[in-house]
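Right, one structure below, let's go through it.
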Amino acid sequence: MSDDSAQLVDAVRYARARQQTLAIAGLGSRAAVAPIADGAVLNVAEHRGILRYQPEELVVTVRAGTPVREVIAELARHRQMLAFEPTSFARDGSIGGMIAADASGASRPFAGGVRDALLGVEIINGLGEQGRFGGEVMKNVAGYDVARLQCGARGSCGVLLSASLRVAPIPDCERYIRRALAVDEVCAAMSELRSREPSLTGLAYADGVLQVRVAGSEPAVKAASARIPGDGGDSEFWRQISRHAHPNLSSPPASGGTLWRVSSAPNAPLTGDELLVDWAGGVRWLALDSPPRQATSAPGGWAMAVGGNRAGSIRGLDQATSDLLSRVRLAFDPDSVFAASSNDARGEAKAVQG
């Protein structure tokens with residue numbers, strides 16, 4: 001179990017003193033959507049290991065370079081899992097990369113995501129200062145929740161050294177249901193299921209088929225399965241979208257263009273051009289020749305290109321939010337040491353406009 005915190009601190013201070021930029025790199029699982037930018041590579045993949053884990057406390061603290069699969073395997077030995085569903089892009093990723101990308105899978109609308117399970121972090125900021133934020137218990141905070149600011153920051157606020165995450169018991173039972181459905185019926189069906197089925201852990205649509213996943217106690221899952229119309233499915237569909245391995249998510253798309261992952265209002269009507277719909281309608285995958293401006297023009301709109309020379313994300317931010325984001329990053333990294341890690345984030349407004 002490697003603890004090279006001091007060396008990483010020295011590397012950040014060295015870069016700052018010489019006005020160099022650093023590109024933080026882990027296991028490379030997010031390369032399809034966030035390729036390493038220009039700058040000296042600061043590799044944190046060897047900063048790994050589980051630091052603290054007592055199953056009865058329902059919290060695990062791990063170094064950021066630890067592979068997610070190793071954490072999942074250790075938790076499974078005690079019939080536990082992360083309190084959210086992580087997702088990856090085919091390759092095994094690290095805990096730090098998962099947090100930096102805010103990578104939450106299909107259960108996000110039902111069980112919460114990375115941000116909801118993150119209790120505390122230890123980071124190195126752009127001044128080369130090492131600090132802890134949050135802790136290992138849930139509590140109310142005043143001001144910025146600095147730990148959760150790291151979710152989706154892609155390293156723009158500093159080098160993530162370790163994180164404490166909530167864990168949960170593995171459900172006793174899980175079942176899968178599939179039902180053929182026309183495009184114009186999907187949103188209403190998803191909304192209806194989501195409003196009345198507490199056992200839902202996945203709701204998606206692809207190739208004319210509504211895919212439903214339920215989990216919990218055996219009686220609860222049996223009752224939910226009886227209420228939901230459709231035929232029996234299997235876990236393969238959910239494994240594929242969790243690993244970004246579903247045929248409809250190939251990059252470049254078979255139909256041409258660029259593959260885009262677009263954040264959407266769950267009840268927004270489908271156009272019929274969606275390759276796959278996840279998060280109970282909140283995430284849509286499309287093949288487009290140009291950025292999906294309809295998704296990024298409104299404040300909070302978000303889209304991510306996967307693969308090719310467009311790889312990265314764009315967001316529609318109102319001026320107040322953009323200014324706040326800039327001030328937060330400036331507080332963590334006043335000399336832009338991590339500019340190479342955050343080029344994608346800092347160029348979002350320009351990308352939307354241009």
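Taken together, the values in this text are just the output of simple stated rules run on the coordinates, not laboratory data. Since this is a predicted model, take the numbers as computed values, not measurements. No Cβ is skipped: glycine too gets one built from the backbone with ideal geometry, and neighbour counts run over all protein chains shown.
One table, with the values for the structure above:
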{"quantity": "Dipole moment magnitude, nearest 20 debye, the range 80-214 about Cα centre, only Lys, Arg, Asp, Glu C-beta charged", "calculated": "60 debye"}
{"quantity": "Cβ-based exposure ranking for 78, 47, in which fewest neighbours within 10 Å come first", "calculated": "78, 47"}
{"quantity": "Peptide ranges 19-25, 320-326, 333-339 listed from the most packed, as the mean C-beta count within 10 angstrom indicates", "calculated": "333-339, 19-25, 320-326"}
{"quantity": "Segment residue 173-residue 77, length gained on full extension (0.36 nm per residue, minus Cα span)", "calculated": "32.9 nm"}
{"quantity": "Exposure proxy ranking, count of Cβ atoms within 10 Å, fewest first, for 46, 85", "calculated": "46, 85"}
{"quantity": "Separation of the residue 321 and residue 18 label points, Cα + 7 Å toward Cβ, nm", "calculated": "3.9 nm"}
{"quantity": "Ranked by how many other beta carbons lie within 10 Å on average, peptides 257-267, 275-285 from highest", "calculated": "275-285, 257-267"}
